[in-house]
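The values are calculated or read from the model by the stated rules, or taken from the named source; none is laboratory data. As the structure is a prediction and not an experimental result, all values here were calculated from the model. Cβ atoms come from the backbone with ideal geometry, glycine included; neighbour counts cover every protein chain shown. Note: areas computed on protein heavy atoms with side chains; ligands, DNA, RNA excluded. Shrake-Rupley method; radii C 1.70, N 1.55, O 1.52, S 1.80 Å.
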Amino acid sequence: MEYSFEHWVNQVVHAHPLLASAVVEFSSWGVTLFGVLAVGLWLLSPPGDTVWKRACAAGLAAAAVGLVVNQVISHLWDRPRPYDAHHAIVPLLTRSADPSFPSDHATAALSIAFGVFFVSRRAGWFFLSFAGLVAVSRVVAGMHYPTDVLASLAVSVVAGYFTARVAMEPVLLPLIRLVSRITDPTLARVAYLAPVRRTVLNARVRSVTVAIVCLAVGLRIVFAERTHLLDEMPLAMLALWCAFAVVAVRISAERFWP
């Protein structure tokens, strides 16, 4: 059953080069981007407020815990990758010798997201939405079965809850206070520089920046698929991106730092 679904997805994605390209980029850089975004929570933490710092610490710690749990599980069940078990499946990414179950990429992204979510729901929903895309991209890229990602989801929920609710007070908070003493003086000086404040605090500047980036990606989709733009898949991708752009511009305009 899983092979049939994976084979069908693999055929669909290989039939649409633009979709394949997007999956490759997102699957390759999604986890790295998540790490950068988590650190960004610390850097953009409002003065005197530790919520986003706790979210950052919980997310990064959850990723570490989740990956350790993955190692234990993979040693108990060395499940072959879909392309190793079924040669009809051609992966979009470089082949890996690691076990398929669970997915390390999905676990890292989802663990960061749940760590953030259990501290700050507002930031957490944003992280969870993109973590879900990272997890799905691993299946679409032919690197994992759907159940590998579902296992990652279960591991990530436990890891996120553990770091945000169990280990926060005894372990993470002392570390947060220690690191804050080092970073806060420097960040305060940088944050109150006029160019930084105008860029970060001005809703119009943020919105225009996000709109320009989204427009550039949209034009790339149009240019890449110009000969097949009226086909179902390119139109669906373009519509999905336009919807994302509207939401991204709207979110970027919200006040998030006093």
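Summary table below
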quantity	calculated
Search result, residues across the stretch 42-73 that are open to solvent by 20 Å² or more (accessible area, probe 1.4 Å), closer than 22 Å to S28 by Cα and not β-branched (V, I, T)	L60, A61, A64, L67, Q71
Only one of T94, T147, T107, T163 that is farther than 14 Å from V31 by Cβ, crowded, with 24+ Cβ neighbours inside 10 Å and of a type in the set (V, I, T)	T163
Filter result for A106 (among the hydrophobic types (A, V, I, L, M, F, W, C) and within 20 Å of the chain's Cα centre (by Cα))	yes
Output for the stretch 14-56, where each listed residue is in contact (Cβ under 8 Å) with a residue 12 or more places away in the chain and of a type in the set (V, I, T)	V23, V24, V31, V39, T50, V51
Residue in the stretch 74-84 that is under 20 Å from the mean Cα position of the chain (by Cα) and open to solvent by 50 Å² or more (accessible area, probe 1.4 Å) present	no
Tally of residues being part of a helix (DSSP H, G or I), touching a helix residue (DSSP H, G or I) at 6+ places or on another chain (Cβ under 6 Å), closer than 16 Å to L19 by Cβ and at pLDDT below 80 across the stretch 196-236	2
Any hit, the stretch 118-131, residues being of a type in the set (F, W, Y), closer than 16 Å to S28 by Cβ and modelled with pLDDT under 90	yes
Residue count, the stretch 99-117 (criterion: under 18 Å from L37 (Cα atoms) and either modelled with pLDDT of 90 or more or among the hydrophobic types (A, V, I, L, M, F, W, C) (or both))	12
Conditions (1) modelled with pLDDT of 75 or more; (2) surrounded by 10 or more Cβ atoms within 10 Å (Cβ to Cβ); (3) out of contact with any Gly (no Cβ under 6 Å at 6 or more places or on another chain): number failed by W241	(3)
